[in-house]
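FYI, it's all coordinate maths here, none of it is from the lab. The structure presented is a predicted model; accordingly, all values stated were derived computationally and were not measured. Cβ coordinates were reconstructed from backbone atoms using ideal geometry, including for glycine residues, and neighbour counts include every protein chain displayed.
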């Protein structure tokens with residue numbers, strides 16, 4: 001008999017299990033659906049629905065309670081300002097679990113945990129997304145295109161050309177200063193300091209001297 005067995009231990013210690021559920025609930029609020037094992041999904045659903053119930057209260061005490069559990073101020077704000085109003089007329093049952101079958105490897109049973117949305121809410125969210133996309137497209141068209149005139153703070157074309165010419169002259173003068181005066185050529189050396197190639201007569205005289 002399953003008496004006094006309140007929750008699944010998930011083969012973890014208390015601190016590890018609490019950290020796992022906090023991460024799952026935070027991801028559920030941020031992405032509105034998560035994929036995990038069936039056992040973890042059932043445990044995360046219990047905590048996630050409690051957080052939504054606290055958010056529906058909307059008072060300071062509830063916000064502090066949720067902020068102690070959910071990671072990130074942005075996720076707490078989304079839960080209170082966006083997610084909680086979706087379920088004003090719904091008493092519980094804010095999430096659903098969809099079984100996805102068993103995964104390869106250890107054959108663990110997988111499930112999809114997601115927030116429930118009514119058809120009216122889905123249609124409203126779709127219209128909002130379309131309106132935001134149109135506004136962004138109109139803003140992109142209204143922005144000035146590149147190459148149609150000098151940007152703010154840039155010099156006109158003639159002044160820019162003069163500045164470029166002066167810069168090139170300064171660079172050339174610096175290079176010449178670094179190079180310094182040309183080294184004098186050594187006596188007896190050819191052009192560039194290299195000796196001229198030896199002729200056949202010189203080779204013959206050297207052989208005669210050595211006694212060959």
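Things to note:
- Percent RCO, i.e. relative contact order, over the range 14-131, from Cα pairs under 8 Å lying at least 6 residues apart: 31 percent
- Residues 88, 129, sorted so that the one with the fewest Cβ neighbours within 10 Å comes first: 88, 129
- Least to most buried among 22, 8, 127 (fewest other Cβ within 10 Å first): 127, 8, 22
- Cβ-derived FRET efficiency at R0 22 Å, residue 74 paired with residue 133, nearest 0.05: 0.50
- All Cα pairs of the range 14-131, percent lying beyond 18 Å: 54 percent
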